[in-house]
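In what follows, a structure is listed as structure tokens, so that the remarks can point back to it.
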């Protein structure tokens, strides 16, 4: 499909993906695969027009690869689901081999992206390693009270676990809830939640609880980003990596031998877009050193936008 205005104009190819899919779901993500010549203002216009967090693939003069990410209202430093979709686009278009790895530049720093198409060339398995984890100090009772007020669900916070800011690229406010049913009942006051996240220096709130199956390392979560024109994410790799680091710090970091530990996260059910993310943390000796997030993307459609027809 081509969206054209009268007269000649510059066309921008957009590939639409679904990322971290469970049946009937997946996080929608547009990718502009040849964005090198686009300005930041043009990328922002395209993301606003598409109404989704979008990824832009830029090839730099030294041969490096840069990814930029825009929500409908602002640029963000890192977006894992768009990174998974961009890597898939590179494989599908023959610009990357069926299996490999590459360091990718983002506004949050370099990340290591690896992929392997295996027997499914249309949807390679992509792993994204972000930045070394950073942990803020656990917040006190005042923040727990403010969080419950902003989430509009009294008594929902699990006081056995800390509320804290954790970052593997951009900081998220991790809020443990008592059980999965409460996660799905959250109905935020977005003004209060944005104020709280801004006061605490985080880019969104990530509420989570163990999945009802009771299997260790299985979680249900929801992510409420701030300031980008999107009230809730169907899947959030930045927060999934932060949760893997959080769990490792709580449960595994004291192990004498360093090792990888994996978790699974279901997200997006409250939006009708069920997703599942695989995340892992490498920890030992009291320190969480690395995290990864893994998933697949499937191409759903392609279109061409005429840039002059995209509203400013």
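The values are calculated or read from the model by the stated rules, or taken from the named source; none is laboratory data. Fair warning: this is a prediction, and the values are worked out from it, not measured in the lab. Cβ atoms come from the backbone with ideal geometry, glycine included; neighbour counts cover every protein chain shown.
What residue, of 47, 35, is over 12 Å from residue 75 (Cα atoms) and at pLDDT 95 or above? Break it down into steps so the answer makes sense when it comes.
Details: 47 fails: over 12 Å from residue 75 (Cα atoms).
Just one listed residue meets the conditions, 35.
Would you confirm whether or not region 256-270 contains a residue that is closer than 24 Å to residue 106 by Cβ, over 14 Å from the mean Cα position of the chain (by Cα) and in contact (Cβ under 8 Å) with a residue 60 or more places away in the chain? Explain how you work it out, then say what you get.
Start the filter on region 256-270 by keeping residues that are closer than 24 Å to residue 106 by Cβ, which leaves 260, 262-263, 265, 267-268.
Those still in the list that are over 14 Å from the mean Cα position of the chain (by Cα) too: 260, 262-263.
If we keep only those that are in contact (Cβ under 8 Å) with a residue 60 or more places away in the chain as well, we get none.
The answer is no; no qualifying residue exists.
Counting just the residues of region 73-105 that are surrounded by fewer than 17 Cβ atoms within 10 Å (Cβ to Cβ) and under 21 Å from residue 225 (Cβ atoms), which one comes out nearest to the chain's Cα centre (by Cα)? Checked region 73-105; the qualifying residue nearest to the chain's Cα centre (by Cα) is 77. Residues considered: 103, 185, 164, 160. Of these, the only one that is touching a residue at least 40 places away in the same chain (Cβ under 8 Å) and either on the phi < 0 side of the Ramachandran plot or in the same structural domain as residue 40 (by TED's automatic domain parsing) (or both) is 164.
How many residues does region 30-65 hold that are in a strand (DSSP E or B) and more than 17 Å from the chain's Cα centre (by Cα)?
Summing the residues that are in a strand (DSSP E or B) and more than 17 Å from the chain's Cα centre (by Cα) in region 30-65 gives 4.
Just one of the listed residues (200, 196, 173, 178) is surrounded by fewer than 20 Cβ atoms within 10 Å (Cβ to Cβ) and free of Cβ contacts under 8 Å to residues at least 60 places away in the same chain, and it is 178. Just checking, how many residues over region 218-246 are surrounded by fewer than 24 Cβ atoms within 10 Å (Cβ to Cβ) and either modelled with pLDDT under 95 or out of contact with any strand residue (DSSP E or B) (no Cβ under 9 Å at 6 or more places or on another chain) (or both)? Going through region 218-246 one residue at a time, the tally reaches 7.
Of all the listed residues (72, 98), the sole one being touching a helix residue (DSSP H, G or I) at 6+ places or on another chain (Cβ under 9 Å) and under 30 Å from residue 177 (Cβ atoms) is 72. Of everything listed in (1) part of a loop (DSSP other than H, G, I, E, B); (2) without any contact (Cβ under 8 Å) to a residue 40 or more places away in the chain, the single unmet condition for residue 73 is (2).
Going by what's in this entry, would residue 262 be described as crowded, with 22+ Cβ neighbours inside 10 Å and under 21 Å from residue 276 (Cβ atoms)? No; evaluated as a whole, the condition is false for this residue.
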